[in-house]
Amino acid sequence: QVQLVESGGGLVQPGGSLRLSCAGSGSFFSLYTVGWYRQAPGKQRELVADSTVGGSTNYADSVKGRFTISRDNSKKMVYLQMNSLRPEDTAVYYCNVKLGPDDYWGQGTQVTVSS
């Protein structure tokens, strides 16, 4: 069983930056693919970025060059550095880890980009 707790969300002006953190628990955390998803009001949840065990990363086209996902397996932490934020980045951001049939989600953290 894995528990995930996100933090770091908030209100930021367009062009600003935020760093989201996700604290994980449980064994074998380093074996999981970790990712960040987001869901805006009235829209489906979408992948923002993920990072595999092998270290490869994948980003949504809308965030490429602006967001960076990273992980610290020793601390069981996942991060999302978000720069040059736009109003359309406003959403609830969720941390996710998966390994085979195991799929775990955090409770989400709100990010609002507005002037």
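Multiplying the sequence separation of residue 43 and residue 74 by 0.36 nm and subtracting their Cα-Cα distance, what value in nm do you get? Each step should come with its number before you reach the end.
Details: separation 31, 0.36 × 31 = 11.16 nm, distance 3.46 nm.
Separation in residues times 0.36 nm, less the Cα-Cα distance, equals 7.7 nm.
On full extension, the segment bounded by residue 102 and residue 88 gains 2.0 nm, given 0.36 nm per residue less the C-alpha separation.
Kirkwood hydrodynamic radius, segment 1-49, all distinct C-alpha pairs: what's the number in Å? Don't jump to the answer; show the numbers that get you there.
Numbers: mean 1/r = 0.0765 Å⁻¹.
This gives a value of 13.1 Å.
On full extension of the chain, what length is gained from residue 52 through residue 31, given 0.36 nm per residue of separation minus the C-alpha to C-alpha distance?
That works out to 6.7 nm of additional length.
Partners of residue 64 within straight-line reach, counting lysines whose Cα lies under 24 Å from its Cα and excluding those fewer than 8 residues away in the same chain: 43, 98. Here the chain is assigned +1 on the Cβ of each Lys and Arg and -1 on the Cβ of each Asp and Glu. Its dipole about the Cα centre then comes out at about 160 debye. Local charge for residue 29 was computed over the other residues whose Cβ lies under 13 Å away, with Lys and Arg +1 and Asp and Glu -1, and equals +2. Could you please state how large a percent of the accessible area of the chain is carbon and sulfur, counting protein chains only and using a 1.4 Å probe? The nonpolar share, carbon plus sulfur, comes to 48 percent. Our note on the geometry: Cα centres of segment 86-115 and segment 10-50, 4 Å apart.
In terms of packing, defined here as the mean over residues of other Cβ atoms within 10 angstrom, the peptides 105-111, 56-62, 71-77 line up highest first as 105-111, 71-77, 56-62.
Distant-in-sequence amide contacts of residue 86, defined by a placed amide H-H separation under 5 Å and a gap of 5 or more residues or a different chain, comprise 15. The heavy atoms of residue 98 offer some 70 square angstrom of accessible surface to a 1.4 angstrom probe.
Residue 83: net charge of surrounding residues, Cβ under 14 Å, Lys/Arg +1, Asp/Glu -1, itself excluded? Walk me through the intermediate numbers first.
Details: positive: 19, 64, 66, 86; negative: 89.
So the surrounding residues net to +3.
Averaging 1/r over each pair of different alpha-carbon atoms in segment 2-115 and inverting the result gives 14.0 Å, the Kirkwood hydrodynamic radius. Computed over protein heavy atoms with a 1.4 Å probe, the accessible surface of the chain works out to 52 Å² per residue. For residue 106, what charge total do you get from the other residues with a beta carbon under 15 Å from its beta carbon, if Lys and Arg give +1 and Asp and Glu give -1? For residues surrounding residue 106, the net value is +1.
The values are calculated or read from the model by the stated rules, or taken from the named source; none is laboratory data. Source: prediction; values computed, not measured. Every residue, glycine as well, gets a Cβ built from its backbone with ideal geometry; the counts of neighbours run over all protein chains shown. In case anyone asks, the SASA skips ligands and DNA or RNA and just uses the protein heavy atoms, side chains included. Shrake-Rupley method; radii C 1.70, N 1.55, O 1.52, S 1.80 Å.
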